[in-house]
Every structure is written in structure tokens, then in C-alpha cells.
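Below: the structure, in C-alpha cells.
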Amino acid sequence: MDWNFISQYTPMYIEAAKLTLWIGVLGILSAIVIGLLCSIVQYYKIPILSQIVSVYIELSRNTPLLVQLFFLYFGFPKIGIVLSAEVCGVVGLAFLGGSYMAEGFRSGLESVETIQFESAESLGMNQLQVMRYVVIPQALAVSVPALVANVIFLLKETSVFSAIALADLMYVAKDLIGLYYMTTESLFMLVLAYLIILLPISLLAVYLERRLRYAGFGN
Amino acid sequence: MNKNIQLSIKDLVKSFDDNRILNGISTDIKKGEVVVVLGPSGCGKSTLLRCINGLEAINGGHVFIDEDEVVHNSKDLPKIRQKIGMVFQSYDLFPHKTIIDNITLAPIKVQHRNKAEVTEEAEQLLERVNLLDKAKAYPRQLSGGQKQRVAIVRALCMHPEIMLFDEVTAALDPEMVREVLDVILELANQGMTMIIVTHEMQFARAVADRIIFLDGGKIVEEARPDEFFTAPKTARAKAFLKTFEFDAKKKEMSREAV
């Protein structure tokens with residue numbers, strides 16, 4: 001192992017990690033918003049919209065992120081929409097993650113019994129108050145494990161961004177291998193970089209799940 | 001409308017698909033009156049309460065609380081519902097909130113009352129049902145009877161004008177039934193207007209000002225409790241009451257066995 005090489009190119013990895021995280025965070029936040037909206041549309045069975053959401057969910061879950069990115073990066077310019085690689089990354093991640101998040105929220109919403117609505121309604125709460133104070137807190141406690149698993153899954157999916165010339169971690173590693181044949185060192189740093197990003201999130205998830213279970217069911 | 005009438009039900013009809021559950025129910029309930037609804041299972045007792053609270057869309061007739069009509073999913077319904085307290089068979093406390101938060105949530109968020117004032121009232125009510133020490137506990141740490149008493153307190157804290165009880169002791173162990181019924185009896189003594197659906201006949205007789213006997217979605221008999229239990233007028237009410245009686249074991253038979 002060439003430690004000099006490693007220390008020399010660490011700043012490059014840090015830059016790439018920042019980009020990966022930045023796009024990951026934006027994409028995942030958008031995915032959460034999309035997922036929440038989709039799950040509410042499906043939960044209330046809003047006509048037409050809920051059919052559109054169903055089609056979207058199947059489309060998004062049954063195509064690989066790489067294909068979705070190619071579609072955005074190489075396909076869209078053909079109809080006159082040119083997006084930068086960064087925007088494609090965020091949009092692609094949001095498109096893919098939205099459906100996973102929607103399914104996660106849905107499982108939580110469906111776990112709340114109807115009688116909880118009725119007892120909240122019978123206390124004079126309106127629909128919004130019922131959702132906000134009674135249903136969503138209980139639904140979240142059930143959803144969180146699935147949502148956190150999605151966050152980790154999506155962060156790992158960012159590794160295909162290099163295919164559309166985004167200078168993410170994977171891109172830097174491949175670049176260094178191509179330039180200097182320092183395969184072991186480059187891949188070692190790649191693994192380390194992903195672990196540094198993902199491990200704290202996994203640990204935070206364990207803590208969060210415990211806290212939410214406490215909040216959700218009083219134990 | 002007569003000023004003393006709190007709740008007025010006119011020709012109420014409710015069907016589920018082709019199945020007519022309530023078939024033209026009409027009655028007025030006066031301020032402070034305690035009405036017990038009896039009837040065989042499936043006769044529409046619970047559905048009647050759910051229609052009064054607007055939890056079900058009705059297919060015909062009207063329900064009025066004071067001058068306000070109860071209409072399922074109407075914009076004014078949350079406002080009108082504040083006048084109606086309802087307690088369900090399965091208690092249905094909010095599992096993610098402590099007992100005190102269960103009670104104070106709606107008064108604070110819906111009625112925008114002062115938190116300190118509501119908390120103080122909630123504690124007084126909990127004290128009355130001997131559960132003040134459980135204020136910080138979560139619902140799952142309570143027994144069925146305790147949860148049901150909290151559910152009653154939660155409804156009371158909204159200052160309802162009328163309380164609906166839907167078989168509130170049906171899911172409880174026998175020794176816990178009493179503690180819940182005592183709370184309801186105390187409310188009756190304080191002059192709360194109530195409609196109670198129950199299968200506890202002795203309790204019904206003790207608490208009721210009037211018995212409504214439902215069968216096949218209609219009011220078959222309406223009477224004062226002493227009349228109803230000692231001399232029911234209709235054959236169906238007689239048959240219903242008969243199911244709660246047990247003949248003593250015949251002495252001749254037991255002698256033969258010896």
C-alpha cells in the first residue's frame with residue numbers, strides 16, 4: 001500500500017464525497033417529499049391522481065437508476081431539455097427514491113387503525129388535526145425502519161452517477177485507477193469513503209428507531 | 001324546538017348496501033336524561049350512536065343537537081362534535097401519547113384552551129376516577145378498565161353536552177366492569193345527558209330514565225326501566241329479557257343424581 005499516494009489524493013476523495021453527499025441529500029429530501037405526497041394520494045384514493053401515482057411507482061421501481069439517468073442525461077436533450085449532470089443526479093435519485101419512500105410511508109399509514117381516526121374525530125378534530133396529531137406520529141413510528149433503509153439504499157445508488165460524468169466517489173476512484181494503476185489504494189479509499197458516510201447514518205438509524213418506538217408505543 | 005330537548009332524531013334511516021340497519025328511528029332526548037338502548041346484537045344500537053356522532057353517512061332522516069344538524073363529513077361537523085362525547089368499546093386511547101396528553105390534546109388543539117388550565121382540569125378528572133398516579137403513563141401500561149375510565153375522562157374534558165357510550169364494558173374483564181359503570185353512574189347523578197348502549201341489564205335498570213328497545217332497526221318498545229324490566233309490553237322485548245334469565249337447577253334432578 002502506497003500511503004503517500006493515499007495522502008496525496010485524499011483531498012480529491014473529500015471533494016467527491018462532498019458532491020456525492022450534496023446530491024444525495026438533495027435527491028433524498030426530494031424523494032421524501034414525493035413519497036409523502038404519493039402515499040397521501042394513495043391513502044385517500046384520490047381519483048385519477050392515485051392511478052398516476054401507481055403507474056409512477058411501478059415505473060420507478062422496475063427500472064434501474066442507471067437507465068433512468070441515461071434517459072435524463074442523453075434522452076431529454078433529444079426533446080430539447082438539457083439538464084446538467086448534477087441536476088440529472090438529483091432528479092434521478094428523487095424519481096427512484098420517491099416510489100420507495102411512498103411505499104414506506106404507506107405501510108405506516110395503513111398500520112393505523114380506523115378507530116383511531118374515529119376517536120380523534122369524535123373529539124372534534126378536523127381531518128388535518130387527526131392526521132397531524134394522531135395518525136402521522138403513529139404511522140412514522142412504523143415507517144421509520146423502512147425509510148432509513150431507503151436512505152442508505154439511495155446513498156449507495158449514487159455510485160452509478162459516474163456514468164453521466166459526475167465527479168462522485170466512484171468517478172474519482174475509476175479515474176485514479178485509469179491514470180496511475182493504483183488499484184488497491186484507489187479502491188481502499190473508495191470503500192473507506194462510503195463507510196465514513198454510511199456508518200454514522202446506520203448508527204443514527206438504530207438510535208432513531210429506538211426513540212421512535214418509545215414515542216410510538218410508550219415503551 | 002323545545003328548549004329542553006338536547007338531541008332530536010327524526011326518521012333516521014341507515015343502510016349498508018342493501019342491508020337496512022336502522023329503519024326510521026325517531027326520538028327526542030331531554031337535557032339531563034339518561035337513555036339506555038337495549039336490543040339483540042345486530043339490531044343497530046351501535047350504528048345509531050355512530051349516526052348521532054356523524055361517523056356514518058345516513059340514508060334518510062335528520063339528527064339535531066340543539067339547533068345544529070349532524071351531517072356526515074360536513075364542514076361544521078367538527079364544531080358540532082365538540083358537544084358530543086363518545087366512548088367506544090375498545091377505548092382507543094392514542095398509544096403514542098401519555099394519559100395526560102391523551103386527555104388534554106383535543107381541548108388544547110381543537111378548543112384552543114389554555115394548557116395550564118386544561119391540565120389542571122384533566123388532573124382533577126383523573127383524581128375523580130382514581131387514576132391521577134397514571135397521568136404520566138402510556139396507555140399500554142394500563143388495564144382495560146383503567147383505559148376505559150381515561151377514555152371517559154378524555155371525552156369529558158371537552159365539556160360535552162351529551163355523552164354516548166357504545167358498549168363500553170363489553171371488552172372488559174368482569175371485575176373491571178364495575179369501576180367503569182360507577183363512573184357513568186356518577187355522571188348520571190350529576191345530570192349529564194347520556195345515551196348508553198349496554199348489555200349490563202342491572203346497570204341499565206339502575207342508571208336509565210328511559211329504556212329504548214331496538215329490534216330490526218326500529219324502536220319496538222320505549223318505557224321507564226321499572227316498567228320495561230318487570231312488565232315488557234311486546235313479545236320481542238319479553239323474549240329478549242328472557243335470554244338474560246337462567247332457570248335454577250331443578251331440585252328433583254339433583255336428588256336423583258345423589
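The values are calculated or read from the model by the stated rules, or taken from the named source; none is laboratory data. Computed from a prediction, not measured in an experiment: that's the story for all the values here. For neighbour counting, all protein chains shown are included, and Cβ atoms are generated from backbone atoms with ideal geometry for every residue, glycine included.
Brief remarks follow.
- Within segment A:125-157, tally of residues that are of a type in the set (Lys, Arg) and without any contact (Cβ under 8 Å) to a residue 40 or more places away in the chain: 1
- Within segment B:127-144, considering residues that are within 14 Å of another protein chain (Cβ to nearest Cβ) and without any contact (Cβ under 8 Å) to a residue 40 or more places away in the chain, the one surrounded by the fewest Cβ atoms within 10 Å (Cβ to Cβ): B:LYS136
- Enumeration of residues in segment B:82-95 that are out of contact with any strand residue (DSSP E or B) (no Cβ under 7 Å at 6 or more places or on another chain) and either modelled with pLDDT of 90 or more or more than 8 Å from every other protein chain (Cβ to nearest Cβ) (or both): B:GLN82, B:TYR91, B:LEU93, B:PHE94, B:PRO95
- Any hit, segment B:166-174, residues being within 23 Å of B:LYS45 (Cα to Cα), in contact with a Pro (Cβ under 7 Å, 6 or more places away or on another chain) and surrounded by 20 or more Cβ atoms within 10 Å (Cβ to Cβ): no
- Residue ID - farthest from A:ILE197 (Cα to Cα), chosen from residues in segment A:127-170 that are within 12 Å of chain B (Cβ to nearest Cβ) and surrounded by fewer than 17 Cβ atoms within 10 Å (Cβ to Cβ): A:GLN127
- Breaking point among (1) surrounded by 19 or more Cβ atoms within 10 Å (Cβ to Cβ); (2) facing chain A (nearest Cβ under 10 Å), for B:VAL63: (2)
- Within segment A:173-201, being within 22 Å of the chain's Cα centre (by Cα) and farther than 16 Å from A:GLY24 by Cα holds for A:LEU190, A:VAL191, A:LEU192.
- Pairs with Cβ under 9 Å, 6+ apart, first in segment A:177-192 and surrounded by fewer than 16 Cβ atoms within 10 Å (Cβ to Cβ), second assigned to a helix (DSSP H, G or I) and among the small types (Gly, Ala, Ser): A:TYR180/A:SER186; A:LEU187/A:ALA173
- Yes/no for A:TYR100 being within 13 Å of chain B (Cβ to nearest Cβ) and of a type in the set (Ser, Thr, Tyr): no
- Cβ-Cβ under 8 Å pairs, at least 6 apart or on other chains, segment B:70-81 side within 9 Å of chain A (Cβ to nearest Cβ) and in contact (Cβ under 8 Å) with a residue 12 or more places away in the chain, far side of a type in the set (Ser, Thr, Tyr) and assigned to a loop (DSSP other than H, G, I, E, B): B:ARG81/A:SER122
- Taking strands (runs of 3 or more DSSP E) as the structural unit, those lying wholly within segment B:145-258 and holding at least 1 residues that are without any contact (Cβ under 8 Å) to a residue 40 or more places away in the chain and among the small types (Gly, Ala, Ser) correspond to B:218-223.
- Any hit, segment B:70-90, residues being among the hydroxyl-bearing types (Ser, Thr, Tyr), crowded, with 20+ Cβ neighbours inside 10 Å and outside any strand (DSSP E or B): no
- Taking first residues from segment B:3-19 that are closer than 18 Å to B:ASP68 by Cβ and partners that are part of a loop (DSSP other than H, G, I, E, B), the Cβ contacts under 8 Å between residues at least 6 apart in sequence or on separate chains come to B:ASN4/B:LYS31; B:ILE5/B:LYS31; B:GLN6/B:LYS31; B:GLN6/B:GLU33; B:GLN6/B:ASP66; B:GLN6/B:GLU161; B:SER8/B:MET1; B:LEU12/B:ILE58.
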